[in-house]
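In what follows, a structure is listed as structure tokens, so that the remarks can point back to it.
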Number of protein chains: 2
Amino acid sequence: MKSTEPGTSGAPRPAGRPRSQEADVAILSAALDLLIEQGAQQTSIEQVARRAGVTRATVYRRFAGKTELLVRTLEWANHDDDPGFTGWRDLEHMFGDWAAYLAQPRNRLLLRRLYGSRDDHPELMAAYRLVSGGRREAAVRAALAGARAAGRLPAQVDVDVVRELLSAAVLYHVGTRPDDQEPGQILAYFMTIMKQVGLRS
Amino acid sequence: MKSTEPGTSGAPRPAGRPRSQEADVAILSAALDLLIEQGAQQTSIEQVARRAGVTRATVYRRFAGKTELLVRTLEWANHDDDPGFTGWRDLEHMFGDWAAYLAQPRNRLLLRRLYGSRDDHPELMAAYRLVSGGRREAAVRAALAGARAAGRLPAQVDVDVVRELLSAAVLYHVGTRPDDQEPGQILAYFMTIMKQVGLRS
């Protein structure tokens, strides 16, 4: 596998993988951009190919159709998101991370697009929850249970109900607050909510 | 204004208003159906006219464009929603109403469509909140303050924070639960949340 690409000037480069990976990344990041900018319904394989600078055939060789492409895009976009993550030290640490995430307009747009695609492309929200949800859910539960064990939350706090309430609060923030809030404001939003379930600082 | 419509057989009917109102209702209900079925982005004036059985010109004579049509549709759909409403007796009464509303799949779809349209048609969510939100917000606040005054909620409960938390919980329920839940299940969902902010039964 040492053959060089014909017609490539300059340093020889190995055929196969690298070139294929370049096209993969170009396609996936074009798909992510379009999903964020205009939503799943309005995004077509044709547009993705054009933006990625490849042919439609190149896209179809890798992905059976738009839904598969967008599901793989979400898996890819959330994949290298801190693989060494094992949990948060405490609730302030957790909400600090959330605030940093939600201070990025692209993340907010993506969450809105996913919620909005539930009826036309239910696979997308399912994929997103599968990739980022599973590990994250366990970590949220652990952070809440830790605060309860440390006496910062009342003993009767139900960790699963509060975890869902916090996911609801994320969705609500993304849907109702402006996209240019500072991380500090967003952190304060979560702490205000936690006070209502009895958090002591 | 006693002239009858030319070409209409049967009983004479007054010209102007009634006929015009019929077209209004046909257009608005077609627009509401399409908004629910396929969302704002995919809905066109052409489709609305076809479904309402009128010409595009008839629609454009009444509405400057799609956004105005959809905003007026939301105002119309939420307008005759119990004009004599003055508030809820207690929290159970309030959540019972919410549960009945959220047990209707069409209402859930509409809420998802509105959330999903925030980036492409921000006027829609704003119109919905203006029509149904203002009066409703005050009533939710009153029901929560009443429960607090009656000693069913802790004194430190912040009525505005809990009100927003409940709106968040609605959005989350609509986004994550199946559309065929019974009102009783939905009511239990809200009561479980309220228990976390200290509600005593």
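The values are calculated or read from the model by the stated rules, or taken from the named source; none is laboratory data. Predicted model, so just to flag it, every value in this text is computed and none were measured. Cβ atoms come from the backbone with ideal geometry, glycine included; neighbour counts cover every protein chain shown.
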Condition first: surrounded by fewer than 20 Cβ atoms within 10 Å (Cβ to Cβ) and under 27 Å from residue A:199 (Cα atoms). Now tell me which residues in the stretch A:75-91 satisfy that. A:85, A:86, A:87, A:88, A:89, A:90
Hey, residue B:43 hits all of (1) surrounded by fewer than 17 Cβ atoms within 10 Å (Cβ to Cβ); (2) of a type outside the set (A, V, I, L, M, F, W, C); (3) closer than 26 Å to residue B:101 by Cα but one; which does it fall short on? (1)
Taking the stretch A:26-65 and keeping residues within 14 Å of chain B (Cβ to nearest Cβ) and small (Gly, Ala, Ser) leaves A:39, A:40, A:44
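Take the residues of the stretch B:177-194 that are among the polar types (S, T, N, Q) and more than 10 Å from chain A (Cβ to nearest Cβ): which is surrounded by the fewest Cβ atoms within 10 Å (Cβ to Cβ)?
Here the answer is B:185.
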Of everything in the stretch B:147-201 that's basic (Lys, Arg) and part of a helix (DSSP H, G or I), which residue is farthest from residue B:110 (Cα to Cα)? B:148
Determine whether residue B:173 is more than 10 Å from every other protein chain (Cβ to nearest Cβ), within 17 Å of residue A:174 (Cα to Cα) and in contact (Cβ under 8 Å) with a residue 40 or more places away in the chain. no
With the requirement that a residue be within 11 Å of chain A (Cβ to nearest Cβ) and more than 16 Å from residue B:193 (Cα to Cα), what does the stretch B:128-163 give you? B:129, B:133, B:156
Return the residues of the stretch A:99-116 that are buried (at least 19 other Cβ atoms within 10 Å of the Cβ) and more than 14 Å from chain B (Cβ to nearest Cβ); say none if nothing qualifies. A:99
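Against the condition assigned by TED's automatic domain parsing to the domain that holds residue B:114 and either more than 27 Å from residue A:188 (Cα to Cα) or crowded, with 19+ Cβ neighbours inside 10 Å (or both), how does residue B:174 come out, does it pass?
Answer is yes for this residue.
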In the stretch A:59-70, what residues are among the β-branched types (Val, Ile, Thr) and surrounded by 20 or more Cβ atoms within 10 Å (Cβ to Cβ)? A:59
State whether the residues of the stretch A:45-60 include one that is at pLDDT 95 or above and at positive phi. yes
Check off (1) out of contact with any Gly (no Cβ under 6 Å at 6 or more places or on another chain); (2) more than 26 Å from residue B:86 (Cβ to Cβ) for residue B:186 and give me the number that stays unchecked. (2)
For the condition within 14 Å of another protein chain (Cβ to nearest Cβ) and surrounded by 15 or more Cβ atoms within 10 Å (Cβ to Cβ), what is the one hit in B:94, B:125? B:125
